[in-house]
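The values are calculated or read from the model by the stated rules, or taken from the named source; none is laboratory data. None of these values were measured; they are calculated from a predicted model. Cβ placement follows ideal geometry from the backbone for every residue including glycine, while neighbour counts extend to all protein chains displayed. Heavy atoms of the whole protein, side chains included, go into the accessibility calculation; ligands, DNA and RNA do not. Shrake-Rupley method; radii C 1.70, N 1.55, O 1.52, S 1.80 Å.
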Amino acid sequence: MTAVEHPAWDGTGGSGPGPGQSPVRPPTRVPFPVVDEVARHCLQEEEPETVHIEVHLPGRLDPARLRAAVTEALRRHPRILVREAPGRWYRLRYEWELTADPDVEVVTFPTPGPDALRDARTRALTDAPPLSASPPVRLEVVDEDDRSDGTVLFLTINHTALDGPACLRILATAAELYGGRDNSPAAPPVRTADTTALSAEMPSSWSPPARVAPGHFESSPGNGMLVTELPLPLRPKGSPYTVNDQLMVTTALMLAHWNREHGVRPRPMRITMPVDDRPRDASMPIGNGTRLVEVPFAPEELDPRDMPGLLRRTAARTRALRSLPRPQL
């Protein structure tokens, strides 16, 4: 049998093109980057790996216009249109398939009701968009009650494929298309190396770091993730530290307190922090685009009675670590 008698397979599961049709090429494949590969191997059905973003708007949205804006935004950032390529269970590497159009309807409008917001938040934490359909993103539009006459956008992302900043870029593009206004962000600040802070403020990294003391055994599935809503601490205007620095300090103090309660000897801490150096305009690379750095803490400085000093030192360290020229993962 010759090639003329047996046309090439079209890659879509069919027997080939019909009369007068050109062969359809299989989708372009892209190997999983390191971050995606690690996340894919760590997936658990009991604890979906999702990113949940809420956007509260003061009015109602036109459904058809919103769908059109989101669909066009996806096409303008084609790297979001991916699905996991099928393969044997014993394959060594995973690959993404790039698709020309979405496989599923990304924008949905759940039935309004008194529990609609609560139910949408629950779905964002328990029901991840599947990796088998492009794109692995879901946008639910929930109308708030008549008193506020507002709308909440629930953006749920499968973190194996994408991160929050990348999807915020998609959402910004959709907002620009929906409203007809330029939504380009300001240029990001230029980061320069702060070697003085790096050498003067960083505790030694030679000592083995602290481990989180195990708690009581529980039969609940997953990793025991605790989801809660916390108020943002007051940050006076002109403060040298950021909200991220506040989170780092709070995490370090919480872990030190936990270990003390469980009889663990104090040890230095190193807390992993993501750094995102991508541009925020339309050229922003889409995917999981962060690199990771380790912020060190000495045992003796984890004292809640010296919060101003601890915040100042943490801010100096995070600035220095962000300024280091290192490649993204």
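Using a 1.4 Å probe on the protein chains only, how many percent of the accessible area of region 22-135 belongs to carbon and sulfur?
On region 22-135, the fraction of accessible area on carbon and sulfur atoms equals 56 percent.
Which whole-number value in Å² is the accessible area per residue of region 237-281, probe 1.4 Å?
Spelled out: the 1.4 Å probe surface of region 237-281, per residue, equals 59 Å².
With every protein chain present, what is the per residue accessible area of region 29-179 (1.4 Å probe, Å²)?
Ligands and nucleic acids excluded, the result is 51 Å² per residue.
How many angstrom lie between the C-alpha centres of region 111-170 and region 20-86?
Distance between centres, Cα-based: 13 Å.
At q = 0.16 Å⁻¹, what log₁₀ I(q)/I(0) does a Debye calculation on the Cα points of region 30-113 give, no solvent, two decimals?
-0.88
For region 243-323, which whole percent of the accessible surface, found with a 1.4 angstrom probe, sits on carbon and sulfur atoms?
59
Please sort 45-56, 150-161 by packing, taking for each peptide the average over its residues of neighbouring beta carbons within 10 angstrom, highest first.
In descending order of packing, they fall as 150-161, 45-56.
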